[in-house]
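The values are calculated or read from the model by the stated rules, or taken from the named source; none is laboratory data. The structure displayed is predicted, hence computed values, not measured ones. Because the Cβ atoms are built from the backbone with ideal geometry, glycine has one as well, and the counts that use them run over all protein chains shown.
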Amino acid sequence: MSTFLNIANISLCELGLREIATLTQGGRAADRCAEHVEAAVKEVLCAHAWSHATVWDTLAVLETAPPFGYSYAYQAPTECYRVIDVRSESDLKAPRINFEQVRGKKIYTDASPCYVRYVVHAEADLLLASPEFCLACAYKLAARLCVPLSKSDDQGKMKSLYREALDVAKLGDTATMNERQQDPNRTCSILAARDYPGVVSDAEDA
């Protein structure tokens, strides 16, 4: 199970520093971790539509329409940190609709009804996050901490490790979201273009 404390301790270990017992224990390491860890996690959340932090919802239209530009206003949920996309149909193949997320957690758009996907942020959500996501957060935090804590030139190294860890985490997360069962009787577009009379399973068995 991963929490802000776990992420902070991974970061400190990467910098060759001692782990801390709590973020509130006092001392330079704990104070700097407490100051930066949430911001580091939020930065990683902004990099991808993470499955552990994504919510699907239908919003109720507000009585007061936007002053200009869009036809409808919706109130984003309190826990909404970042809107991923908005549609006027529940089908994910439907086109995305332009929107603006404005002050007061309002969403302005022409979508009606409003089907929305958004990212939530809470420390408790990290219990559902993958180890790869948490490692990316740790490297992001380490890049923030290396100057005030270790006074080393490791910031470039930590940024590089973060980018590598982020790519691995995104790849793993995308694979879980797009996992589909293959239909043995599916028609292959290449075979169909060549007027092949059978299905993919026939060609594979040939």
Q | Residue ID - surrounded by the fewest Cβ atoms within 10 Å (Cβ to Cβ), chosen from residues in region 58-86 that are over 24 Å from residue 39 (Cβ atoms) and under 19 Å from the mean Cα position of the chain (by Cα) | A | 85
Q | Search result, residues across region 105-129 that are in contact (Cβ under 8 Å) with a residue 12 or more places away in the chain, loosely packed, with under 15 Cβ neighbours inside 10 Å and out of contact with any strand residue (DSSP E or B) (no Cβ under 8 Å at 6 or more places or on another chain) | A | 122, 123, 127, 128
(Q) What are the pairs with Cβ atoms under 8 angstrom where one residue, in region 25-40, is without any contact (Cβ under 8 Å) to a residue 40 or more places away in the chain and within 16 Å of residue 10 (Cα to Cα) and the other, located anywhere, is surrounded by fewer than 18 Cβ atoms within 10 Å (Cβ to Cβ) and β-branched (Val, Ile, Thr)? Sequence gap at least six, or different chains. (A) 30/22; 30/24; 34/24
Q. Given the conditions (1) touching a residue at least 12 places away in the same chain (Cβ under 8 Å); (2) part of a loop (DSSP other than H, G, I, E, B), and given that residue 142 satisfies all but one, which numbered condition is not satisfied?
A. (2)
Q: Scan (1) modelled with pLDDT of 95 or more; (2) surrounded by fewer than 17 Cβ atoms within 10 Å (Cβ to Cβ) for the single condition residue 89 breaks and write down its number.
A: (1)
Q: Scan region 73-112 for residues that are outside any loop (DSSP other than H, G, I, E, B) and of a type in the set (S, T, N, Q) and report the count.
A: 3
